[in-house]
Amino acid sequence: MALSILISSVFSKIQFFFSGDIRSIKAKKNIFWSFLVKGVSIFISLLLVPLTLDYLSSYEYGVWLTLSSILTWVNYLDIGLANGLRNRLAETFANGNRKLGQIYVSTTFFLLTLIMAVCFLLFLVFQPLINWSVILNVDPNTVKNLNTIIIVAFAFFCLSLVFKLTGIILIADQRPATNDLITLIGSALSLLIIYILTRTTQGSLYNVILTFTGIPALILLLSYPIIFASKYGYLKPSIKAIRVKYTKDLMGLGIQFFVMQISSIIIFSSSNIIISHILGPEQVTPYGIVFKYFSFVTLMFNIVLTPMWSATTEAYAKEDFDWIRRGIKSMLKFWLLSVGGIFIMILCSELIYNIWLDQQVKIPFTLTLLMGIYSIIILWSICFSTFLFGIGKLRLQLLNMVFVALFFIPVAIWMTKTLGIYGIVIALCLTNLSAAILNPIQFKKILSKKASGIWNS
């Protein structure tokens, strides 16, 4: 009897993934495979923390976390082209316009290559004038050749940004699991190299940064010919398909995405810099570890949300509003499940930290509690923002993000000086409340067709 119930349950789960319309089935399949792939990726990222801490000192590890925060800014130098391509390409998949799809891909690839080349050359010219040791509050005797390290890392980040376009194609076609697999390969190879380094060399920040920036760039470079040798061969970038006049079409949404991305940089990536500058690099380490701890939930959440973005673009293009309503209801249920998971993570944090980090770093419970609250706020907000991104209604989010970005830095600096490391997380919570309030209101107005003015742009 128990066996028959178990078999029935398994078959019902399998039937769930093959039921519904084509768009829903495609999304559910990718969510399932993304969970498997991302699950392995998360496990690898968790292993990398104690392994890297064992290879570097806590001070050097804090420097790496701060540098990585700065270098992630490179991802936004595409001025929103990648997200603009994602939406436009999803539309071409929906209407079957292959020629326009190749034009979008070729034009974006050309523009990104040009932008990255110019940015790297400008960086080489001006970076000798920047005193990185002062900015990061780093002792030059402890971390030597900091300028060289930053140049190498910046070069690999620029290369990665260009070749990430292959992943954008997969995501636009609602196949994020395949893109996640490419990322997983890079992470696994990085783990292997770091392990070998810990057994064969002395701790070196240069080796760590070379591994964490160079390996992903190499994997993306190798994936380029493979992706375009598959079903996406018709999208392969071609000089003949470059149409500069389509830049405006790509940039219409792209510029708005870009402004929001820059605002996100100020809000999220500046935290490590503020902590390092005010409290010292060693204080970045516990903050970065707690942030990574709760990023597990964020990653799981984004696995579900990622195919929803492009699926929403397709549904909106076909005026299938009922599907969008069903989609947001499913996401809100998943949000409630995530909130429960966050509370469990908070309660079990001390035990997990001891097992994970082998007591290499002491993490205050208050820091964990505050980061958990922040995670709940941000997940609620992105529930709705992802769907709004999919239908291209960005103006209100853009204005809110700019306001929040301008508000965040002075508040974060004041709170960090007043409350220490806890202040930075409290500042994150406060500044993200506006999006958590505005996003669901806008979504409801648009779906009920009552949106007008700023609510409908």
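Read the figures in this text as sums done on the coordinates, not as results from a lab. Note that the structure is predicted; figures quoted are calculated from it, not measured. Positions of Cβ are generated from backbone atoms using ideal geometry, with glycine treated the same way; all protein chains shown enter the neighbour counts.
From Cα pairs below 8 angstrom and at least 6 apart in sequence, can you work out the relative contact order of the chain, rounded to a whole percent?
The value is 23 percent.
What ranking do S106, S204 get, fewest neighbouring Cβ atoms within 10 angstrom at the top? All intermediate terms of the calculation are to be shown ahead of the outcome.
Details: S106 20, S204 16.
Neighbour counts put them in this order, fewest first: S204, S106.
Quick one: length gained pulling V152 to S133 fully straight, 0.36 nm per residue minus the C-alpha distance? All intermediate terms of the calculation are to be shown ahead of the outcome.
Details: separation 19, 0.36 × 19 = 6.84 nm, distance 1.66 nm.
Gain in length upon complete extension: 5.2 nm.
Over 32 Å between Cα atoms, which of K164/K245; K240/K444; K292/K333; K333/K393 qualify?
On the way: K164/K245 23 Å; K240/K444 44 Å; K292/K333 24 Å; K333/K393 23 Å.
Checking Cα-Cα distances, K240/K444 exceed 32 Å.
Need the full-extension length gain, F343 to S57, defined as separation in residues times 0.36 nm minus the C-alpha distance. One decimal, nm.
Difference between extended and current length: 99.9 nm.
What helices does the chain hold that run 24 Å or longer along their axis, going by alpha-carbon atoms, with a Kyte-Doolittle average of 1.0 or more, using DSSP H for the helix calls?
98-126, 146-163, 176-200, 205-227, 321-347, 365-391, 395-419
Could you line up F384, F228 from fewest to most neighbouring Cβ atoms inside 10 Å?
Ordered from fewest to most neighbouring Cβ atoms within 10 Å, F384, F228 come out as F228, F384.
Highest mean first, what order results for 84-90, 115-121, 296-302 on Cβ atoms within 10 Å? Intermediate results must be reported in sequence, preceding the final value.
On the way: 84-90: 25.0, 115-121: 14.9, 296-302: 19.0.
So the peptides 84-90, 115-121, 296-302, ranked by packing, come out 84-90, 296-302, 115-121.
Using the Cα centre of the chain as the reference point, and only Cβ charges (+1 on K/R, -1 on D/E), how large is the resulting charge dipole? Debye, rounded to the nearest 20.
1680 debye
Can you give the FRET efficiency for R395 and L47, using 1/(1 + (r/R0)^6), R0 = 41 Å, r = Cβ-Cβ distance, to the nearest 0.05?
0.45
Return a whole-number percent for the relative contact order of region 266-377, with Cα pairs under 8 Å and 6 or more residues apart as the contact set.
Contact order relative to length: 32 percent.
Taking a cut-off of 26 Å, what percent of all Cα-Cα pairs in region 22-456 are separated by more than that?
Working: 54341 of 94395 pairs.
Above the 26 Å cut-off, region 22-456 has 58 percent of its Cα pairs.
Give me V63, V162 sorted ascending by neighbouring Cβ count inside 10 Å, so fewest comes first.
V162, V63
Using only the C-alpha atoms of region 173-256, find the volume of their convex hull and express it per residue in Å³.
156 Å³
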